[in-house]
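One structure, as structure tokens, below. Some questions next.
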């Protein structure tokens with residue numbers, strides 16, 4: 001057996017395996033085998049003893065000899081981050097306690113104003129390495145308003161290998177782009193976004209995709225919301241924006257759109273509520289909004305770390321899931337203080353506990369560690385409509401996976417566990433910044449993690 005990490009398929013890994021399953025439930029192998037072919041597709045997942053006497057598979061990975069032994073590392077699906085702001089990464093951890101609108105004016109808009117092509121060329125490669133080091137192999141990303149910087153961000157993602165959905169932030173109200181006259185903001189936003197979509201949506205057999213990205217209703221006209229949603233539908237692209245993150249925001253939206261029934265109705269009237277729509281936060285929804293959101297098929301990016309950091313509110317996650325809304329997790333850097341979806345799981349669990357205890361919300365159910373794992377992987381893939389490709393380690397899926405070192409989260413050295421819920425509990429509640437030792441997308445190893453030691 002070899003111990004060097006493979007850079008691309010075909011290869012076979014011997015390690016512990018922990019993954020949600022598309023059919024429900026979880027698979028755990030204390031000593032497992034995962035085989036990846038030359039296309040970067042998983043061809044076998046099972047116990048080490050299963051198939052150990054087989055010959056080479058039909059694409060060249062020999063389960064007897066071409067094996068990399070990663071024990072005691074754990075193979076898991078790569079994390080899916082449904083909401084993150086690329087230009088804001090340098091600000092992560094700064095601005096705690098401010099409300100969202102103040103935080104935007106003081107910290108966020110200055111960073112985004114400076115996110116030109118040169119800044120993107122410098123920052124984006126670092127950001128993608130940081131994603132991989134945190135265990136994130138798929139990210140739904142907001143850029144800034146500049147077309148050139150988004151082109152650079154896509155080129156960096158293409159080179160790095162991360163699976164990414166990226167969008168140029170669109171604003172035609174309270175804009176920070178002074179290079180475009182106010183009367184041309186609407187036209188420029190639509191044209192530039194359409195051009196980016198034409199260049200990048202679907203690149204590398206869908207590894208890179210485009211998201212039309214109106215920032216939120218406060219900074220967008222009804223025309224911009226409506227026309228961007230129409231462009232997304234026509235291109236088969238995504239449409240992402242923010243919804244109901246803070247109560248001051250709700251009041252401002254009601255003032256700007258008096259004809260709308262509520263915040264969600266602003267996007268509904270624009271034609272934005274479709275299955276390829278991902279709405280970030282969605283904390284303060286009425287019963288009508290919950291029912292309409294579920295009926296529309298649009299998905300929600302739950303960002304509990306950000307919601308705590310900026311004191312925005314506590315999502316009633318149980319109510320949304322029971323209503324049938326697709327929900328995944330988002331780091332929301334830099335509203336959230338760190339990129340790790342494992343840390344986001346921890347924040348989410350604390351939020352749900354607080355709802356039960358502090359708000360006497362008896363309807364809130366505590367999610368177990370394996371349910372948080374599902375939210376951070378398979379449910380994120382399902383929110384993107386990519387659960388047939390990624391989100392779990394199963395034969396036939398693309399090999400988006402990470403190798404995690406459980407020794408770094410053990411409270412006492414050598415005191416490990418083979419109970420899958422206990423293993424996942426420690427990864428979520430005691431995440432270590434160096435615990436992700438390797439990350440692959442389609443069997444190609446990503447630069448970022450520190451490697452096996």
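The values are calculated or read from the model by the stated rules, or taken from the named source; none is laboratory data. As the structure is a prediction and not an experimental result, all values here were calculated from the model. Here the Cβ positions follow ideal geometry from the backbone for every residue, glycine too, while neighbour counts run over all protein chains shown.
Checking residue 434 against (1) under 23 Å from the mean Cα position of the chain (by Cα); (2) closer than 20 Å to residue 378 by Cα; (3) surrounded by fewer than 21 Cβ atoms within 10 Å (Cβ to Cβ): exactly one of these is not met. Which one?
(2) is the only condition that residue 434 fails.
Tell me which residues, restricted to the stretch 394-421, are closer than 21 Å to residue 369 by Cβ and free of Cβ contacts under 8 Å to residues at least 12 places away in the same chain.
Across the stretch 394-421, the qualifying residues are 412, 415, 417, 419.
Among the listed residues 23, 49, which satisfies the condition of being farther than 23 Å from residue 409 by Cβ, out of contact with any strand residue (DSSP E or B) (no Cβ under 7 Å at 6 or more places or on another chain), modelled with pLDDT under 95 and surrounded by fewer than 16 Cβ atoms within 10 Å (Cβ to Cβ)?
Exactly one of 23, 49 is farther than 23 Å from residue 409 by Cβ, out of contact with any strand residue (DSSP E or B) (no Cβ under 7 Å at 6 or more places or on another chain), modelled with pLDDT under 95 and surrounded by fewer than 16 Cβ atoms within 10 Å (Cβ to Cβ), namely 49.
While we're on this one: Can we say residue 330 is touching a residue at least 24 places away in the same chain (Cβ under 8 Å) and either crowded, with 24+ Cβ neighbours inside 10 Å or on the phi > 0 side of the Ramachandran plot (or both)? Outline the logic, then answer.
Details: touching a residue at least 24 places away in the same chain (Cβ under 8 Å): yes; either crowded, with 24+ Cβ neighbours inside 10 Å or on the phi > 0 side of the Ramachandran plot (or both): yes.
Answer is yes for this residue.
Considering the stretch 97-121 alone, what residues qualify as being buried (at least 24 other Cβ atoms within 10 Å of the Cβ) and not in a helix (DSSP H, G or I)?
Matches in the stretch 97-121: 115 only.
So residue 299 fits all but one of (1) free of Cβ contacts under 8 Å to residues at least 60 places away in the same chain; (2) in contact with a helix residue (DSSP H, G or I) (Cβ under 6 Å, 6 or more places away or on another chain); what number is the exception?
Here residue 299 clears every test but (1).
Sticking with this structure for a sec: List the helices (runs of 4 or more DSSP H) inside the stretch 170-285, counting only whole elements, that have at least 3 residues being within 16 Å of residue 144 (Cβ to Cβ) and either in contact with a helix residue (DSSP H, G or I) (Cβ under 8 Å, 6 or more places away or on another chain) or not assigned by TED's automatic domain parsing to the domain that holds residue 397 (or both).
185-200
Then there's this: Against the definition (farther than 21 Å from residue 78 by Cβ, in contact (Cβ under 8 Å) with a residue 60 or more places away in the chain and crowded, with 21+ Cβ neighbours inside 10 Å), how does residue 161 come out, yes or no? Walk me through how you get there before you give the answer.
Numbers: farther than 21 Å from residue 78 by Cβ: no; in contact (Cβ under 8 Å) with a residue 60 or more places away in the chain: yes; crowded, with 21+ Cβ neighbours inside 10 Å: yes.
So residue 161 does not fit the description; no.
Related question: Of the residues in the stretch 379-396, how many are within 21 Å of the chain's Cα centre (by Cα), surrounded by fewer than 23 Cβ atoms within 10 Å (Cβ to Cβ) and either in a helix (DSSP H, G or I) or on the phi < 0 side of the Ramachandran plot (or both)? Steps first, answer last, please.
The initial filter retains those residues of the stretch 379-396 that are within 21 Å of the chain's Cα centre (by Cα), namely 379-394.
Filter again for surrounded by fewer than 23 Cβ atoms within 10 Å (Cβ to Cβ), leaving 382, 385-389, 394.
Add one more test, that the residue is either in a helix (DSSP H, G or I) or on the phi < 0 side of the Ramachandran plot (or both), and what stays is 382, 386-389, 394.
The qualifying residues number 6.
Now a separate question. Can you go through 368, 376 and tell me which one is outside the structural domain of residue 427 (by TED's automatic domain parsing), at pLDDT 95 or above and over 29 Å from residue 237 (Cα atoms)?
Values: 376 fails: over 29 Å from residue 237 (Cα atoms).
When all the criteria are applied, what remains is 368.
Go through the residues of the stretch 288-296 one by one and say whether even a single one is under 24 Å from residue 385 (Cα atoms) and surrounded by 24 or more Cβ atoms within 10 Å (Cβ to Cβ).
Step one: filter the stretch 288-296 for residues under 24 Å from residue 385 (Cα atoms), giving 289-296.
Applying the additional criterion that residues be surrounded by 24 or more Cβ atoms within 10 Å (Cβ to Cβ) yields 293.
Yes, the stretch 288-296 contains at least one residue that is under 24 Å from residue 385 (Cα atoms) and surrounded by 24 or more Cβ atoms within 10 Å (Cβ to Cβ).
Quickly run through the stretch 357-378 and pick out the residues that are outside any loop (DSSP other than H, G, I, E, B) and over 22 Å from the mean Cα position of the chain (by Cα). Write out each step before concluding.
Going through the stretch 357-378, the residues outside any loop (DSSP other than H, G, I, E, B) turn out to be 357-358, 369-376, 378.
Within the stretch 357-378, 357, 358 qualify.
Against the definition (surrounded by 24 or more Cβ atoms within 10 Å (Cβ to Cβ), under 16 Å from residue 86 (Cβ atoms) and in contact with a strand residue (DSSP E or B) (Cβ under 9 Å, 6 or more places away or on another chain)), how does residue 124 come out, yes or no? Walk me through it before giving the result.
Numbers: surrounded by 24 or more Cβ atoms within 10 Å (Cβ to Cβ): yes; under 16 Å from residue 86 (Cβ atoms): yes; in contact with a strand residue (DSSP E or B) (Cβ under 9 Å, 6 or more places away or on another chain): no.
Criteria not met by residue 124.
Mind checking whether some residue in the stretch 340-356 is modelled with pLDDT of 95 or more, surrounded by 24 or more Cβ atoms within 10 Å (Cβ to Cβ), out of contact with any strand residue (DSSP E or B) (no Cβ under 7 Å at 6 or more places or on another chain) and not in a helix (DSSP H, G or I)?
yes
Just the residues that are under 18 Å from residue 82 (Cβ atoms) and in a helix (DSSP H, G or I), please, taken from the stretch 305-322.
Of everything in the stretch 305-322, those that are under 18 Å from residue 82 (Cβ atoms) and in a helix (DSSP H, G or I) turn out to be 305, 306, 307, 308, 309, 317, 320, 321.
Going residue by residue through the stretch 363-372, is there one that turns out to be touching a residue at least 60 places away in the same chain (Cβ under 8 Å), touching a strand residue (DSSP E or B) at 6+ places or on another chain (Cβ under 8 Å) and buried (at least 24 other Cβ atoms within 10 Å of the Cβ)?
no
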